[in-house]
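Data first, discussion second: the structure below is written as structure tokens.
The values are calculated or read from the model by the stated rules, or taken from the named source; none is laboratory data. Note that the coordinates shown come from a computational prediction; the quantities given were computed from them, not determined experimentally. Cβ coordinates were reconstructed from backbone atoms using ideal geometry, including for glycine residues, and neighbour counts include every protein chain displayed.
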Amino acid sequence: MLSEVSVLPYIFRRILQFIPTFLLATLLAFFIVQLAPGDFLSQLKENPSVRPETVERLRKEFGLDQPIIVQYFYWLKNFVMGNLGQSFQYKRPVNEVLPGPFMNSLILVIIGTVLHFAVSIPVGVYSAVRPYSTADKTFTFLSYIFLGIPSFFFALLVIWGMLKLQQNFGWDMPLGNKTSSKLPTDISWWRSAWDVFIHALAPTIILVLRGISSESRFIRGQLLEVLGQDYVRTARAKGVAENQVVYKHALRTALIPTIAGLGGLLPALIGGAGFIEVVFNWPGLTPLQLTALGNQDIYILQAVTAVATLLYLVGNLLSDVLLSVIDPRIRYH
Amino acid sequence: MTTIATVAPGAGQRVVPATGETLLDVQNLEKFFPIRGGLLSRVVGNVKAVNDVSFSIGRGEVVGLVGESGSGKTTAGRAILRLIEPTGGQVLFNGTDITKLSKGQMRDYRREMQIIFQDPFASLNPRMTVADIIGEAMQIHNLNPGKQRIDRIAELLEKVGLRPEHMRRYPHEFSGGQRQRIGIARALAVNPSFIVADEPVSALDVSIQAQVVNLLQDLQEELGLTVLFIAHDLAVVEYICDRIIVMYLGRVMEIAPSRELNNNPKHPYTEALLSAAPVPDPTVKRQRIILEGDIPSPINPPSGCVFRTRCRYAIDDCAKIVPELREVAPGHFKACIRDDIL
Amino acid sequence: MTTTVPTPVRKPRSQSQWSIVWSQFKRNPLARVGLGLLGLLYLMAILAGFLAPYGLTEYSTTDRISWAPPTPIHWRDAQGHFGPYVNGIRRDIDMETFRDKYVEDTSVTCPVKFFQTHPGMEGRTYRFLGFIPTSLKLFSVDAPCKLYLWGSDSYGRDQFSRVMYGSQISLSIGIIASVLTVILGLIMGGIAGYFRGLTDTLIMRMVEVLSAIPELFLLITLRALFPLNADPILVFYIVIGILAVIGWGGLARIVRGQILSSREQDYVQAATALGASDTRIIAKHLLPNTATYIIIFLSLAIPGFILSESGLSFIGIGIVEPYASWGSLLKVAQDGGFESLDARPWTLIPGVFIVLAVLAWQFVGDGLRDAFDPRRRR
């Protein structure tokens, strides 16, 4: 887009910086999980349904009888190669157990990201263009509420509302879970996709409400500040049409931090979806993690935490890179 | 560069002559700030803020240190007090090299050397009352215990032109000029013999400047203070100082008694500075010397004489030789290889 | 000609920074609302034992009344007398769902009594302010009636009482965890900012690593450190500890930044020039300037911790039985399944309290932020 200084050295530097953070974070998580009561190896040995050959294989692969720090390096090596360990509960490799819930959480996150920008930008812009109007004050009021309500409580309220709607009006509400239990199994591809989408809608909306509230207020503030700048006044004085002033000139500048925040949105949503998944019985990462916690399934615990951390760091990296592309000053850092 | 002869009173209306005894002797003072860059934050260069600066100040003298922004005068002033640690050179106060002292040893010397800051708004802790601010000095050195302290604070406030009841107020309730007076009172609280005044009037309105400068002059006479007066305004410096040191890009260009510097500058830079100062007489026509070019970067100063890139008398040798500070008349030193100009 | 005696001019009292902030805060209507609401909520927590007609874990093993709806209170009895009373409860079968249903038994009436003590009922004895044992209740009814203002749970415990007692935990965890976080953050941030160098790098790296793990997953992981069925009181402290561990990083960064910028200020240099020791500079000049940020941080952290604790308890890894927090009470609504929400919507009430507490703190926090900001002077 812009200046001659390439953005590549900056990306390279950032990647270099985030590798140690990732290693340390996963090491920390590994340590904590290992310190949890219960010893994986002995549990395995005592479990009659686990074959001795499996125990032996796992012992070799993950160095289960070695000191913790060595075990970490075994785990790390396996992680990089795609082997995430064995789930104690499900008696299958974590690689098989993880993708399903991961994708499910991702569905919420992706729809959420789209919604986030699709709603907060128009709301923010409108509020900035007509500040202190009724609409603006309403949005501010609503923002306060949405920022104050815990997501899980709001989710319960929404479900209650949907139940009421279903009862009183006979509407078929997509209540909980990923799919309707009432649908026959041999339906067309897009019908089942639509079904999933409908089920994802309510949890996703609740998920992004908090983000939309703060983002739209933020955009409003940014745009107001930019519109108050001297160069905008100059454009107006020169007779540029108000629409052009707002949309062509001011908006681009005002939206810079928002766009840069795109990368950070991903991990925020993954973390935030947790409670909502629980309330809606949406089979995502958090219910998986919670049952793993209850059953001390340490490889799932470790894998989910590591994947979530990886996503977080990648998201931050993305956002820094985006910012450096848009704002050349960052590259010189 | 170790002795200073007695100097006649400068352009200012000073009556008290200098005693001839050296109080402060700065030798080859150096302050470099490292610049880090590259992937692993290695040191890739230095900002040479103060580079081989030497001068002395006699007891009771008022010496001015002038230069434009970036000349290193503020850094030098703070380095002398070890508020910034020098990276090289020595500072002899009353014969002792204070750069070698430990923190504990330094504390006693701190009573003797104080500083007045430029920014009246940042130099006073907004959360402390005036009494606290001035009293802190006494608290640290265990002076004037008990009721004596209040009396002493009142006395100091009156000395700087404020009223004793002001001691209960907070800094934000005072004007800029008044806050400078508070700063002066704080500096005087420990009875120092040497004060570094770091551009004390640059941030004040012109009408107030005169008041504060006069106050400083009166105090200096009354208490026999030795002052290093840092400024960028030659007019102010001329009025109050006996001698003037001119700095450029971290180095000393010229040192001379005030009147002599004004009437008979020997360094091209001083000549240019003087010609830029406005003279309040519309009939006087002067030949303005406009310096070409910008100030070079202190990271990469020009070789040889640092002023050569903007000097109208520069010759080839100026790029090869770093000029030494030479005495060309009694008490008059310049750092220039050419003797055939000015 | 009359000589006038000049009227003595009252010298305006010198305003310290704190009094300015307080008067600005008072002028903010939302902030006042928030403060008032907080006062009510914390008063409720202090008086929980007094306000709750039943004990925290009080239920009858012989005559268990599970999932009773809120007891209707009547004001005018058959004789026309005015005074609150309730009817007895009788179990019935719902003809549609074939499940138990509780209906009013109008043959039994019990007046609502105020300011009664209940000697001998250990479950109803509480310690006012932590050390005065009493069983004085604001209002209660005698057996065989039950006064379930907000219904009962599966054990037959009065939800209203549990919400009252729950406030003690929900509101105090926020404050205790915040204080811990502030202490940790101050120490770590202060050390990092003042001594710089390797210490600074180490500490900031620690903060970075901790914040790289998304909060919910870090919470779950930390909780895994301790046995899930640990002693409930221990769990209380574990939760506080976990919250503090994830929270100190933010404050440490702020404190460090503040110290790094403050130490370059002229007045700090002046103190150095005067000969002040490191301790003096840190204590008298650097730390007090972080006070503003600490106060603002506290007002944001407390509602954050209230939300986090509620969330943890809601998914079952926070406060456990027999103690109650608003989050764990809300769990009851979730556990019953969706249909139960329709059948027992009053189980959602604890959530309302969470919202009130968080909103109140947010108003106060915003009010404080504006009060400290000289650009927003009213």
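Table for the structure above
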| item | result |
| --- | --- |
| Qualifying residue in the stretch C:302-310 (condition: in contact with a Phe, Trp or Tyr (Cβ under 8 Å, 6 or more places away or on another chain), part of a helix (DSSP H, G or I) and among the acidic types (Asp, Glu)) | no |
| Hits in the stretch A:122-168 - residues which are among the charged types (D, E, K, R) and surrounded by 22 or more Cβ atoms within 10 Å (Cβ to Cβ) | none |
| Filtered residue count, the stretch A:127-143, keeping only those that are free of Cβ contacts under 8 Å to residues at least 12 places away in the same chain and assigned to a helix (DSSP H, G or I) | 5 |
| Qualifying residue in the stretch B:164-181 (condition: of a type in the set (Lys, Arg) and within 20 Å of the chain's Cα centre (by Cα)) | yes |
| Condition check for C:Ser325: within 11 Å of the chain's Cα centre (by Cα) and more than 10 Å from chain A (Cβ to nearest Cβ) | yes |
| Residue ID - modelled with the highest pLDDT, chosen from residues in the stretch C:26-70 that are among the hydroxyl-bearing types (Ser, Thr, Tyr) and more than 15 Å from C:Gly123 (Cβ to Cβ) | C:Tyr42 |
| Pairs where the first residue, in the stretch C:283-300, is assigned by TED's automatic domain parsing to the domain that holds C:Tyr267 and part of a helix (DSSP H, G or I) and the second is surrounded by fewer than 20 Cβ atoms within 10 Å (Cβ to Cβ) and modelled with pLDDT of 85 or more, C-beta under 6 Å, 6+ apart | C:Tyr293/C:Ile254 |
| In the stretch C:213-268, the residues that are of a type in the set (S, T, N, Q) and more than 14 Å from chain A (Cβ to nearest Cβ) | C:Gln258, C:Ser261, C:Ser262, C:Gln265 |
| First in the stretch C:185-202 and touching a residue at least 40 places away in the same chain (Cβ under 8 Å), second anywhere and not in a helix (DSSP H, G or I) and not aromatic (Phe, Trp, Tyr), Cβ under 8 Å, 6 or more apart | C:Gly193/C:Arg263; C:Tyr194/C:Arg263 |
| From the options A:Leu251, A:Leu269, A:Leu255, residue that is touching a residue at least 24 places away in the same chain (Cβ under 8 Å), more than 9 Å from every other protein chain (Cβ to nearest Cβ), within 26 Å of A:Leu223 (Cα to Cα) and buried (at least 22 other Cβ atoms within 10 Å of the Cβ) | A:Leu269 |
| Condition met for C:Ser211 (at pLDDT below 85 and within 30 Å of A:Ala36 (Cα to Cα)) | yes |
| Selected residue (criterion: nearest to the other protein chains (Cβ to nearest Cβ)) from residues of the stretch C:328-361 that are out of contact with any helix residue (DSSP H, G or I) (no Cβ under 9 Å at 6 or more places or on another chain) and under 22 Å from A:Gly294 (Cβ atoms) | C:Gly337 |
| Close pairs (9 angstrom Cβ cut-off, 6 or more residues apart or separate chains): over 17 Å from C:Leu38 (Cβ atoms) in the stretch C:151-172, assigned to a helix (DSSP H, G or I) and basic (Lys, Arg) anywhere | C:Asp153/C:Arg162 |
| Residue satisfying all of: in the stretch C:269-282; at the interface with another protein chain (Cβ under 9 Å from one of its Cβ atoms) and part of a helix (DSSP H, G or I); nearest to C:Met188 (Cα to Cα) among these | C:Asp278 |
| Looking only at the stretch C:321-378, and only at residues there that are of a type in the set (Gly, Ala, Ser) and at pLDDT below 85, the one that is surrounded by the most Cβ atoms within 10 Å (Cβ to Cβ) | C:Ala371 |
| Some residue of the stretch B:229-236 being at negative phi, aromatic (Phe, Trp, Tyr) and within 14 Å of chain C (Cβ to nearest Cβ) | no |
| Within the stretch C:76-85, considering residues that are modelled with pLDDT under 80 and of a type outside the set (Asp, Glu), the one nearest to C:Val112 (Cα to Cα) | C:Gly83 |
| Filter result for C:Ala360 (under 22 Å from C:Tyr42 (Cα atoms), touching a residue at least 24 places away in the same chain (Cβ under 8 Å), part of a helix (DSSP H, G or I) and among the hydrophobic types (A, V, I, L, M, F, W, C)) | yes |
| Test for C:Pro303: is it of a type outside the set (S, T, N, Q) and either under 23 Å from C:Trp248 (Cα atoms) or not assigned by TED's automatic domain parsing to the domain that holds C:Gly250 (or both) | yes |
| Selection count where residues are farther than 17 Å from B:Gln178 by Cβ, surrounded by fewer than 20 Cβ atoms within 10 Å (Cβ to Cβ) and small (Gly, Ala, Ser), scope the stretch B:195-233 | 1 |
| Qualifying residue in the stretch C:237-258 (condition: surrounded by fewer than 22 Cβ atoms within 10 Å (Cβ to Cβ), over 30 Å from A:Val307 (Cα atoms) and free of Cβ contacts under 8 Å to residues at least 12 places away in the same chain) | no |
| Options C:Ile169, C:Ile187, C:Ile173, C:Ile132: the member that is at pLDDT 85 or above and surrounded by fewer than 23 Cβ atoms within 10 Å (Cβ to Cβ) | C:Ile187 |
| Test: residue in the stretch C:94-117 that is in contact with a helix residue (DSSP H, G or I) (Cβ under 6 Å, 6 or more places away or on another chain) and modelled with pLDDT of 80 or more | no |
| Single residue of B:Asp119, B:Asp97 found to be acidic (Asp, Glu) and facing chain C (nearest Cβ under 8 Å) | B:Asp119 |
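Here's the yes/no breakdown for (1) closer than 16 Å to A:Ile219 by Cα; (2) at pLDDT 85 or above:
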| residue | (1), (2) |
| --- | --- |
| A:Pro101 | no, yes |
| A:His116 | yes, yes |
| A:Pro131 | yes, no |
| A:Leu165 | no, no |
| A:Gly170 | no, no |
